[in-house]
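Chemist: A single structure is presented below for examination.
The values are calculated or read from the model by the stated rules, or taken from the named source; none is laboratory data. These numbers come from a predicted model, not from an experiment. Here the Cβ positions follow ideal geometry from the backbone for every residue, glycine too, while neighbour counts run over all protein chains shown.
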Amino acid sequence: MITRMTKKDEKGFTLIELMIVIAIIGILAAIAIPQFTTYRKRATNTKASTTAGTFKTALGALNSDIGCYGVTALLAVDLTTQATTAIIGDAAGFSPVPLLGSGGAILAATATGPGGAVTGQHPSTNAISAIGLAVPSGVDIDVNADILNVTYSVIAEHADGNRAYGVDGDLEAMMYFVQNDGWVGSAGLDCTAPAVTAGADDFTTVAGGGAPTANWSLLQ
């Protein structure tokens with residue numbers, strides 16, 4: 001025998017029960033959203049610091065190749081052509097061009113095509129070399145060198161992060177940072193880059209545009 005439910009048997013949520021559910025959802029959202037935002041910042045910051053480390057390694061390889069460092073460049077030619085052709089720039093023959101991944105990922109220059117790279121020219125021998133490097137989407141990076149390409153600085157920052165990272169060619173084992181929550185969502189390099197000076201610590205206590213901590217600090 002089939003028993004049919006009558007309207008008396010049909011039950012729904014009471015107003016109090018609905019209010020309790022809504023309150024629980026609100027509490028969970030209040031906890032989860034800030035944690036997600038913090039996690040996202042950390043992930044993008046890590047992407048920037050990792051990219052800075054990759055470029056530092058490439059600069060070491062460039063120095064091994066021609067005996068000096070170089071700068072970032074968005075090459076319009078392939079690496080083979082670049083290795084035999086100087087470009088107009090500073091006294092050492094090169095001007096840095098920031099690689100802005102905030103406008104989209106940048107492919108690495110190769111032996112057959114243009115793209116991102118670090119490139120330099122020895123001030124005495126005029127030897128030229130370039131190493132192709134890709135830049136991940138969202139990361140902006142700038143490598144500058146002193147006038148003789150004896151040392152360098154690397155600055156990297158993610159458009160959705162709140163930290164910029166720096167590497168000093170004279171103190172390669174260390175990484176510096178400066179932080180400002182106002183940079184989140186801003187494309188381009190928002191921090192203030194220090195001047196590149198051979199034989200000096202270019203970052204410690206130097207103004208970097210951070211807030212509330214204004215200066216570059218050693219990453220612990």
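Chemist: Just to be sure I understand, how many residues within the stretch 147-204 are more than 12 Å from the chain's Cα centre (by Cα), in contact (Cβ under 8 Å) with a residue 12 or more places away in the chain and in a loop (DSSP other than H, G, I, E, B)?
Modeler: 26
Chemist: Can you tell me which residue among 91, 105, 76 is farther than 30 Å from residue 176 by Cβ, surrounded by fewer than 19 Cβ atoms within 10 Å (Cβ to Cβ) and either of a type in the set (Gly, Ala, Ser) or at pLDDT 90 or above (or both)?
Modeler: Unique residue meeting the criteria: 76.
Chemist: Can you find a residue that is more than 12 Å from residue 52 (Cα to Cα) and touching a helix residue (DSSP H, G or I) at 6+ places or on another chain (Cβ under 7 Å) anywhere in the stretch 170-181?
Modeler: No - not one qualifying residue is present in the stretch 170-181.
Chemist: Within the bounds of the stretch 149-171, is there any residue that is buried (at least 24 other Cβ atoms within 10 Å of the Cβ), over 14 Å from residue 70 (Cα atoms) and aromatic (Phe, Trp, Tyr)?
Modeler: Yes, some residue in the stretch 149-171 is buried (at least 24 other Cβ atoms within 10 Å of the Cβ), over 14 Å from residue 70 (Cα atoms) and aromatic (Phe, Trp, Tyr).
Chemist: A further question on this structure: Going through the stretch 205-218 one residue at a time, which ones are loosely packed, with under 13 Cβ neighbours inside 10 Å and in a loop (DSSP other than H, G, I, E, B)?
Modeler: Within the stretch 205-218, 205, 212, 213 meet the criteria.
Chemist: Can I ask one more? Looking only at the stretch 1-32, count every residue that is part of a helix (DSSP H, G or I) and either modelled with pLDDT under 65 or under 25 Å from residue 164 (Cβ atoms) (or both) and tell me the total.
Modeler: Final tally of qualifying residues: 0.
Chemist: Could you look through the stretch 133-160, keep only residues that are within 17 Å of residue 53 (Cα to Cα) and of a type in the set (Gly, Ala, Ser), and pick out the one that is modelled with the lowest pLDDT?
Modeler: Going through the qualifying residues, I end up with 145.
Chemist: Quick test for you: out of 86, 130, pick the one residue that is at pLDDT below 95, over 18 Å from the mean Cα position of the chain (by Cα) and crowded, with 22+ Cβ neighbours inside 10 Å.
Modeler: Matching residue, one of 86, 130: 130.
Chemist: Please indicate, with yes or no, whether at least one residue in the stretch 65-73 is modelled with pLDDT of 90 or more, more than 19 Å from residue 124 (Cβ to Cβ) and either outside any helix (DSSP H, G or I) or not polar (S, T, N, Q) (or both).
Modeler: So far as the stretch 65-73 goes, yes, one or more of its residues are modelled with pLDDT of 90 or more, more than 19 Å from residue 124 (Cβ to Cβ) and either outside any helix (DSSP H, G or I) or not polar (S, T, N, Q) (or both).
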